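Asks: My questions all concern the structure below.
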Amino acid sequence: MLQKSELAPNFWSQIQTPLRHFGERVAEFFSPSSEAATTKDAYEISVELPGVAEQDIAVDLHGDQLTITGEKRAEREETGKDYYFSERSFGRFRRAFRLPADADAGKISATHRDGVLTIAIPKITEPANQAQRIEVKRA
């Protein structure tokens, strides 16, 4: 017959492994919806972030990759005559977008209003790959 001490390590590993991966799944669950559009002068990315506070959103640019990260925190509490209800939800999110070659990275702006993050990415007015003649000088 097995002793309690022999069962404990196996028992806890069977319970902890699924719980450990559950946290990763919850974090993956909140992936905000987004839309991308283009006009003659700019690109626009809209990301739906209901319930996410402005201070919990970060927009970073590394090379040509624009990354949006943040954390959603929500808490609800109800008290009634014969009941008490409390619910909390939270989760981190990350979305990444590769900028087109004609994006003007130095002029990107972001606004947050009514649960929607809008990122405006102006286009470079003159194409960088426009042909030009290089003068040849005598050395």
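Values in this text are rule-based calculations from the coordinates and carry no lab data. Just so we're clear, the structure is a prediction, and the values are computed from it rather than from any experiment. Methodologically, a virtual Cβ is constructed for each residue, glycine included, from the backbone with ideal geometry; neighbour enumeration extends over all protein chains shown.
Asks: Highest first, please rank the peptides 71-81, 44-54 by the mean number of other Cβ atoms sitting within 10 Å of their residues. Working shown, then result.
Replies: Details: 71-81: 10.3, 44-54: 16.1.
With the highest mean Cβ count within 10 Å placed first, the list reads 44-54, 71-81.
Asks: Given H placed 1.01 Å from N in the peptide plane, which residues other than close sequence neighbours of residue 99 have an amide H under 5 Å from its amide H?
Replies: When sequence neighbours closer than 5 places are left aside, the close amide H contacts are 65, 66.
Asks: Oh, and also: Explain nothing, just compute: Karplus ³J(HN,Hα) = 6.51 cos²θ - 1.76 cosθ + 1.60, θ = phi - 60°, for every residue of segment 74-80 in order, whole Hz, x for Gly and Pro.
Replies: With coefficients 6.51, -1.76 and 1.60, one gets 9, 9, 9, 9, 10, 10, x Hz.
Asks: Here's a follow-up. What is the fewest-to-most order of 134, 57 by other Cβ atoms lying within 10 Å of their Cβ? Mind showing how you got there, number by number?
Replies: Details: 134 5, 57 18.
Fewest to most other Cβ atoms nearby, the residues stand as 134, 57.
Asks: For the residues 124, 119, what sequence is obtained by ranking on other C-beta atoms within 10 Å, fewest first? Could you put the intermediate results ahead of the total?
Replies: Details: 124 14, 119 20.
Ascending number of Cβ neighbours within 10 Å: 124, 119.
Asks: What does the convex hull of the alpha-carbon atoms of segment 96-138 project to on average, in nm²? Write out the running numbers ahead of the final one.
Replies: On the way: hull surface 19.1 nm².
The orientation-averaged projected area of the Cα hull of segment 96-138 comes to 4.8 nm².
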